[in-house]
Amino acid sequence: MALEIPSHVIVFPFPVQGHVNSMLKLSELLCLSGIHVTFLNSDHNHCLFSTSDIRSYLLYRYPDLFNFATISDGLSDDHPRSGNRIKDLFKAIEITLIPLFKDMLISGRLNLKFGCFPTCIIIDGTMCSAINVGKDMGIPVIVFRTISASCFWAFFNIPNLIESNEIPLKDNCDMDKYVESVPGMEKILRLRDLPGFCRAADSSDFGLQMMMNQTQLTINAHGLILNTAEELEEEALTQIRRLIPNVYTIGPLHALLNYRLPLTTRPSTSLWEEDRSCMAWLDSQHPRSVIYVSFGSIAVMKSEDIVEILHGLENSGRPFLWVFRPNSVHGVWPVRELGSIGVKKQGYMVEWAPQEEVLAHPSVGGFLTHSGWNSTLESLVSGVPMICWPYFGDQQVNSRFVGEVWKTGLDMKDLCDRKVVEKMVNELLGVKKDMFLESTKVMAKLVNKSLVMGGTSSNHLDRLINDIKVIVNKFN
Ligand code: UDP
């Protein structure tokens, strides 16, 4: 009788908050289907996790199915891993992470807990150089890209954009001109909506080249997982499938996990301690009255922009809850403004919030966001309209979809002025409130429909699980 080989997947995220969040959710969904998961966390992030219950929760709930392994991210502990310095992390992938990962696979260190070889690797789409590592060892690799399908598609077309001279952007070019070299996006994306990396002055720019190369490598993988729903990005998905036929759209993952495993309280996957005092503050506010402000885990803002946003919020007269990460400002902290603007009276500030819960709170009426993909999905699922002020990477594309395609908010891209902030906040929570609430309700319904049994994301997840189980038999 043949010995049954268990399915054992290595899940290896790019080591920053947003990527870790969605890949942990996927890992738990795989465990729920009886698949063994080794989650390869960076030493740095694993240490930060010690302040949350997520480590013990996963190990306790799935004692025979879930395991954490750790790997160095190649940076010193005091490296900020944010803002422009995030590039150091991208550089460390090639120099440190991928070679270390290969050593770990060869040495069998990743087989220890389950006593079996990995049968599949799910690698973050920014680390596609690892596809060859898997191939050399005969282990199929599936790529998980944590950005939107539309942004992935824009990244995929960087060679076309360069060839047609649309990027690098020329001085004084018309940023509102529609982009021609991203098929299917001709009537959606303007030059200003291209991913932040496309604003590089030179096509040999490290960030641009890195995104282009890693994205192109995706075609060598066994398949591509995207944290999106078919209904959100039909056009981009149609285009992608022409080149990468095996695409699993299984998002929004946080909501799919909540649907498949409803819990009254779920341990947070936050790398930093959440300040829950903001929940009591939200309880004291009127329904749909608060604007929640957060720029995610990586953005580092100029202090003059913070001052403009603060004044805009104050002048709107509306209560706000602002996540102010300690390392999120370049230069001098606008301490004077923070004090004088009556933050205490009108606003509430925390260093890190339980964001999913905040967005689900009935007092929250709008979200001033940097348009990170996780934040965008979390807002869509909760039916909260957005004001988008994208910082970098995929965020320029996401904010365009919010403002122009889904019509679930306003795109404040490239503008940071107190008058604009005040006007947009008042439109979102005042004059256009009903219109935005209606469109966000429609989108939330559409997205949530994809999660139920028979829904598109649910079906794609089942297909992924099935394929991972079949891979074991095919390759052993
Ligand atoms: N987040 C959080 N608390 C905060 C701010 C953000 O838990 O105070 C979470 C948020 O829910 C999201 C993630 O951090 O899941 C940020 O990911 P996103 O893709 O939006 O942006 P990034 O941080 O990658 O720029």
The condition from (1) away from the ligand (no atom under 11 Å from the Cβ); (2) within 22 Å of Pro80 (Cβ to Cβ); (3) surrounded by 23 or more Cβ atoms within 10 Å (Cβ to Cβ); (4) not polar (S, T, N, Q) that Glu28 misses is numbered (2)
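Can you tell me which residue in the range 309-326 is farthest from the ligand (Cβ to nearest atom), limited to those that are small (Gly, Ala, Ser) and open to solvent by 10 Å² or more (accessible area, probe 1.4 Å)?
The selected residue is Gly317.
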So Ile167 clears everything in (1) surrounded by fewer than 21 Cβ atoms within 10 Å (Cβ to Cβ); (2) away from the ligand (no atom under 16 Å from the Cβ); (3) over 26 Å from Val141 (Cα atoms) except one condition, right? Which one? (1)
Is it true that Val133 is within 29 Å of Phe12 (Cβ to Cβ) and assigned to a helix (DSSP H, G or I)? yes
Regarding Ile240, is this residue within 16 Å of the ligand (Cβ to nearest atom), touching a strand residue (DSSP E or B) at 6+ places or on another chain (Cβ under 7 Å) and of a type in the set (A, V, I, L, M)? no
Restricting attention to the range 434-453, does a residue exist that is surrounded by 17 or more Cβ atoms within 10 Å (Cβ to Cβ), β-branched (Val, Ile, Thr) and in contact with a strand residue (DSSP E or B) (Cβ under 7 Å, 6 or more places away or on another chain)? no
Does Asp202 fit the bill of being surrounded by fewer than 17 Cβ atoms within 10 Å (Cβ to Cβ) and touching a Pro at 6+ places or on another chain (Cβ under 7 Å)? yes
One residue from Val143, Val133 being in contact with a Leu (Cβ under 8 Å, 6 or more places away or on another chain), buried (at least 23 other Cβ atoms within 10 Å of the Cβ) and under 17 Å from Asn220 (Cα atoms): Val143
State whether one or more residues within the range 262-280 are away from the ligand (no atom under 15 Å from the Cβ) and in contact (Cβ under 8 Å) with a residue 60 or more places away in the chain. no
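Are any of the residues in the range 213-228 more than 27 Å from Lys135 (Cβ to Cβ), open to solvent by less than 20 Å² (accessible area, probe 1.4 Å) and in contact (Cβ under 8 Å) with a residue 12 or more places away in the chain?
Scanning the range 213-228 turns up no residue that is more than 27 Å from Lys135 (Cβ to Cβ), open to solvent by less than 20 Å² (accessible area, probe 1.4 Å) and in contact (Cβ under 8 Å) with a residue 12 or more places away in the chain.
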Restrict the check to the range 353-376 and report whether at least one residue is in a loop (DSSP other than H, G, I, E, B), modelled with pLDDT of 90 or more, more than 22 Å from Val397 (Cβ to Cβ) and within 12 Å of the ligand (Cβ to nearest atom). yes
Tabulated pairs, the range 39-57, first without any contact (Cβ under 8 Å) to a residue 12 or more places away in the chain, second in a helix (DSSP H, G or I) and surrounded by fewer than 19 Cβ atoms within 10 Å (Cβ to Cβ), C-beta under 9 angstrom, 6+ apart or interchain: none
Somewhere in the range 210-229, is a residue under 19 Å from the mean Cα position of the chain (by Cα), assigned to a helix (DSSP H, G or I), of a type in the set (Ser, Thr, Tyr) and within 30 Å of Val452 (Cα to Cα)? yes
Scan (1) open to solvent by less than 10 Å² (accessible area, probe 1.4 Å); (2) touching an Asp or Glu at 6+ places or on another chain (Cβ under 7 Å); (3) more than 29 Å from Gly34 (Cβ to Cβ) for the single condition Leu75 breaks and write down its number. (1)
Quick check: anything in the range 380-394 in a loop (DSSP other than H, G, I, E, B), β-branched (Val, Ile, Thr) and more than 26 Å from Pro80 (Cα to Cα)? yes
Selection count where residues are more than 26 Å from His19 (Cβ to Cβ) and either open to solvent by 20 Å² or more (accessible area, probe 1.4 Å) or at pLDDT below 95 (or both), scope the range 282-308: 11
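Would you pick out the residues in the range 87-96 that are out of contact with any helix residue (DSSP H, G or I) (no Cβ under 7 Å at 6 or more places or on another chain) and at pLDDT 90 or above?
Once the filter is applied, which keeps residues that are out of contact with any helix residue (DSSP H, G or I) (no Cβ under 7 Å at 6 or more places or on another chain) and at pLDDT 90 or above, the range 87-96 yields Asp88, Leu89, Lys91, Ala92, Ile95, Thr96.
Tally up the residues in the range 362-408 that are on the phi > 0 side of the Ramachandran plot and free of Cβ contacts under 8 Å to residues at least 60 places away in the same chain, please.
Of the residues in the range 362-408, 2 are on the phi > 0 side of the Ramachandran plot and free of Cβ contacts under 8 Å to residues at least 60 places away in the same chain.
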State all residues of the range 247-276 that are open to solvent by 20 Å² or more (accessible area, probe 1.4 Å) and in contact with a strand residue (DSSP E or B) (Cβ under 7 Å, 6 or more places away or on another chain); if no residue qualifies, say none. Asp275
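The values are calculated or read from the model by the stated rules, or taken from the named source; none is laboratory data. All figures in this text were calculated on a predicted structure; none of them were measured in a lab. Note: ideal-geometry Cβ built from the backbone for every residue, glycine included; neighbour counts use all protein chains shown. Quick note on the areas: whole protein, heavy atoms, side chains included, nothing else; ligands and nucleic acids left out. Shrake-Rupley method; radii C 1.70, N 1.55, O 1.52, S 1.80 Å.
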